[in-house]
Structures are given as structure tokens and as C-alpha cells.
Amino acid sequence: MHGRPRKPLKPEDSAASIAKANKLRTLQSQFYHIHHNKIYDKEALDMSAKLLEMNPEIYTAWNYRKLGVESNLQSLSDPDSIKSLLDEELRVVESALRQNYKSYGAWHHRKWVLSKGYSSIEREFRLLDQFLKADSRNFNGWNYLRFVAALQHVSEEEELKFTTDKINANFSNYSAWHNRSVLLSHLLNRKAQGFVPREKVLSEEYELVHQALFTDPDDQSGWFYHLWLLDQTVNQDTTLLISSWPVHAVEGVNSSTVTVTSMLEKNENLIWKPLSTNKSERSTEMINWKDENFVTSDALLQDFTPTLHRFNQLTINKDHESTNSKWHVETLENEIALFRELLSEVNCKIAKLTLARLLMSLDVIMSSRAICKQRTHTKEVLELFNDLIKMDPVHSRYYKDQHSLLLMEQVTSDEESLAKHFWYYKELTSSLSRTNFCLRINKLSLSRIGFLERLLWIQMLDLSHNELQSIEGLESLQLLIYLNLSHNRISCFTALEPLRLIKSLRSLDISYNEIGMHSIDTTS
């Protein structure tokens, strides 16, 4: 169970454990003999029952009993006899579950028996009540509860009330929180009576989970449910165009060959706009990536302004505004205020992570709905991730990746931000064109790259002096010609596999990485 370590075996129990193991080996030997010879008489089934009562994790024995039951059912026609046979199976399962009430094989076998239609559903509810009282977080029991409730046609509203009772009895009941999210999703999606408007229901759920979070901030059960609520809150209700490409650069791409699927918009309403009307010029010259070979100025960037300007228009603008936008913003602002208050009293890592997620979500909603174009909380979120890297070194890689993705999002968010990272490479002999402009996202300590869908038109990219171990996603840059990956932490040639898919790539620098330093790489 969560956070509950196994108790070590007492020395005086050692002899009993050895005797049990010997008995188990004898039973297993006998079992394999009857199974191999397809013996399904009462004596054989009784022996398999003893084996499962000692060790419920022997899946082969459960499958054997299914075969035995099916074999014996062929000779029975009396409903009472059939029920008696199946009741014996339920007894064996119950006995096995009392040895280990998290045995997957036992729970699956009980479902199989119940599906025959001869057993009492009420009895199952009583048994579940016993097991969930023994461990209210037993997810196997909760899974079986959903199965039994469906057979009995118990309403989802009743099931939801049951989760409320279990949560009120124990805020640490992760399985109850999880089951609640599943049930509530169904009720909200079908707009069940009493579960509209959606905003009112979610607001009430926030109040419920707050009780758990502020009672014991270090318990993770409520935090997972809060994360689910946050996902329901920030779910976009408008379509966004997140990427584009120059005309002629990718053959065959237009509104007749690519379909954009959305629950809210139809494909015929989309307008396809090229980033440039000029064909790209390709060069195979090698690049000298030294800083002195790159220059930047407002005058040079003017030639690239049309592309950047179109980048800043990558949204499908409608004249309508979601009626619940105000609720989304107010809810997130309220959550942010609450968790800032909590962090002023306790130093809780999961509260810091949640605050970071809330701030990022608020920025996304504010910018996507043109309430505030700039991401105003980026600096604070970066500081939170830096704190988490120090507080929780075990999960530092995750925090580092999130920190990196936020930096990438900041760089690619709009025309102004992107322009700060564009430099002109003065050594190319080709005439002034997009090919000469390089996006330099170097020296940022990035451990992960993202938001590449915003950069599909890039032809020269500098990712050097970062901490990349993977370049997953770069294969989407199908116009890329020049790439600098030097001074990163790439440890094997296998990590470069995505580059095989970029047919336009002509120049690659992977110097000063860690290839061959950690293990033998035999990739050819």
C-alpha cells in the first residue's frame, strides 16, 4: 500500500516460512500434473483451490479452474447445480483475496464467474464493503466496484456519492479521487441533470479538494485530482493554428490534401496562408558556427520581417468570445492566490509545482484570448522550477525539462521574442535570403526542445551549448539545411536517429558531445 512498508519477517517465523514453501512446491508439482492431463474432477479442483489459497498469484491455476468449470458445466442442466458450482468458485476467490486482496488473477476470476449470471450482486456489494474498509485505497476493489455497479445498473450519480463518502472519511483515498474524476467526466460530458452548468460543478469540486490539500499538503492523493480539475479548467474551446510553412517548400500541402479535425471548426473554414511567396534557395556550404560569423541589426532583420510578421498571426480569429472566459480567468486567479498563501506557511514541493502549472495556464488563457498578449508570469515560473530542482533532486530532470520547455515557449511565443534570437550568417555566398538567417537558441542550458511546430520553416538552427540528450521532434523541421548540436550531452548515435528523416539537411555539427563516453554504441 502507498507509503506503508512491508513488515520484515520475524526470526521465529522462518521455520514456518520454509515449511510453507516446501508445501507450496509439492502442490505446484501435483497441479502441473493434473493440468497437463486435463483432469477436472472434484479432487483435482480441490487441490488447485488449496494452491491458490496459499498463493493467489499463480495465473495458470486460475485459468485451469476456468477450464474445469466449463468442463463440468457441460454435464449440468439444473440451475441450482450450476449456481452451486459457481458459488464454490466465488468461495475460492474470496479465500484467495483474504490472503492478498490486491491479486489481479483473483479479481479477474471473480468477474468471470459473476458474468455467468447466476450469482447475487448484493453479496458482492457486501464483500466489497469489507475489503474497502480493510483498505479504502485498494484500486483493484474500486475497479471491481465499477464492474458490479454496471451489472446492477447503479447510476453514476449514486457512484459519485459513494466516492464523496469515502473521501470525507479519508482524504488520502487516491482510488476514490480517481474514480470521482472518471465518473464526473461522464456526467459533465452528457450534461446530466444537476451537473450543468459545468463551471458551477467544477467550482464545487475545487472547494472539495481544497479541504484535502490544506489539511495535509504533503499527501499526494488530492493533488492528482486538483491536476485533473486544472485540465478541465484550461481546456481550450477555440481552434488555434499553431504552425505554417512557406509556399512551394513542401509539395502537395494545401486544403485539399490536409484535413484539420476539430470538434468546433470545419475544414472548409480554414484559410491556408503561405509564410512567403518566394522559393527557398538551398546551399550546401559548410557553416563556421563561431559567434563572430553572426551579426544582427534592425536593418538586416527587415528582410526577414514579412516571415516574422506572418508568424505573429498564427491564430484563427473569430468575432466571438467564449462566454465562460471570465470564469476560467477568475478561477485560476483564485487558485493562484490560495497556493501563494499556502506556500507562505509551508515549503511544499507539490504546491510549488501546482502554482507553476497554474501560472502557466493563466498565461496561456490570457494570451490565447487576447486578454493580455505577453506571458506575464514566465519569470516567476522559471524561478519556481529552479527552486524545485534544488528541493527535489530525485525529480530534477523533470523540472529541468519543464524549465527548458518554458524557455522554448518564451522564445517562440511571438514576433518580438523570436526576432531577438535571429542572426544573419555573413559567410554564405548565396544572395540575401531566408537561408542566411539563423535561429540561435544556444547557451540556454536546455535539456529538452519543444514548440517546434512553430518553426517548421526554419532552415538554419543553432542549438549548441545546451544540455540536450535527445533531439526528439527535430524531424518535423523538414526545411532544415544547417544544424549545430555541438556542446550538448548526446551520448550515442542512436539519439541522432530523427535526423535521418530530414532530407534537406546538408550540414551537421555534433562535436563536443558525450558520444561513446558512457557505453559502447554499436549503431552503424
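The values are calculated or read from the model by the stated rules, or taken from the named source; none is laboratory data. Small disclaimer: the values here were computed from a predicted structure and weren't measured. All Cβ positions, even for glycine, are placed from backbone atoms using ideal geometry, and neighbour counts span all protein chains on display. The protein model used for the area step is the full one, side chains on, heavy atoms only, and it has no ligands, DNA or RNA in it. Shrake-Rupley method; radii C 1.70, N 1.55, O 1.52, S 1.80 Å.
What's the ranking of 402-411, 27-36 by average number of surrounding C-beta atoms within 10 Å, highest first?
Ranked from most to least packed, the peptides come out as 402-411, 27-36.
For Val364 and Lys326, what does the FRET efficiency come to when R0 = 22 Å and r is the distance between their Cβ atoms, rounded to the nearest 0.05?
Details: r = 16 Å, r/R0 = 0.72.
After rounding to 0.05, the efficiency reads 0.85.
Extending each Cα 7 Å along its Cβ direction at Asn347 and Ser81, get the distance between those two points in nm, one decimal.
Taking the simple label geometry, Asn347 and Ser81 are separated by 7.3 nm.
Among 198-207, 340-349, how do they line up from the highest to the lowest mean number of other beta-carbon atoms within 10 Å?
198-207, 340-349
Quick one: which of 46-54, 170-178, 489-497 comes out on top by average Cβ neighbours within 10 Å, and what's the full order, highest first? List each step's numbers first, then the result.
Working: 46-54: 18.3, 170-178: 20.7, 489-497: 16.6.
Sorting 46-54, 170-178, 489-497 by mean packing, highest first, produces 170-178, 46-54, 489-497.
With the full set of protein chains in place, find how many percent of the accessible area of segment 55-114 is carbon and sulfur; take the probe as 1.4 Å. Before the final figure, lay out the partial values.
Working: 1310 of 2700 Å².
Of all accessible area on segment 55-114, carbon and sulfur atoms account for 49 percent.
Over the Cα atoms of segment 39-91, Rg to Rh with Kirkwood Rh, two decimal places?
On the way: Rg = 11.1 Å, Rh = 11.5 Å.
Looking at segment 39-91, the ratio lands at 0.97.
Give a residue-ordered list of calculated ³J(HN,Hα) values for segment 112-129 (Karplus: 6.51 cos²θ - 1.76 cosθ + 1.60, θ = phi - 60°; whole Hz; x for Gly, Pro).
Values, residue by residue: 4, 5, 5, 5, 5, x, 10, 10, 7, 6, 4, 4, 5, 4, 5, 5, 4, 4 Hz.
Based on the alpha-carbon gyration tensor of segment 350-425 and its eigenvalue square roots a ≥ b ≥ c, which shape applies: rounded if a/c is under 1.5, prolate if not and a/b is larger than b/c, or oblate?
Oblate shape, in that a/c is at least 1.5 and b/c is the bigger or equal ratio.
Just to be sure I understand the curve: with the Debye formula and one point per C-alpha of segment 466-512, what is log10 I(q)/I(0) at q = 0.14, 0.24, 0.33 Å⁻¹?
Listed by q, the Debye log ratios stand at -0.29, -0.89, -1.39.
With every protein chain kept in place and ligands, DNA and RNA left out, what is the accessible area per residue of segment 121-170? Probe 1.4 Å, answer in Å².
That works out to 50 Å² per residue.
Which Rg and Dmax, in Å, describe the Cα atoms of segment 118-173?
Over segment 118-173's Cα set, Rg and Dmax evaluate to 11.2, 37 Å.
For segment 74-139: lysine pairs with Cα atoms under 21 Å, gap of 8 or more or different chains, count? Provide the component values of the computation, followed by the final result.
On the way: Lys83/Lys111; Lys83/Lys116; Lys102/Lys111; Lys102/Lys133; Lys111/Lys133.
Lysine pair count for segment 74-139: 5.
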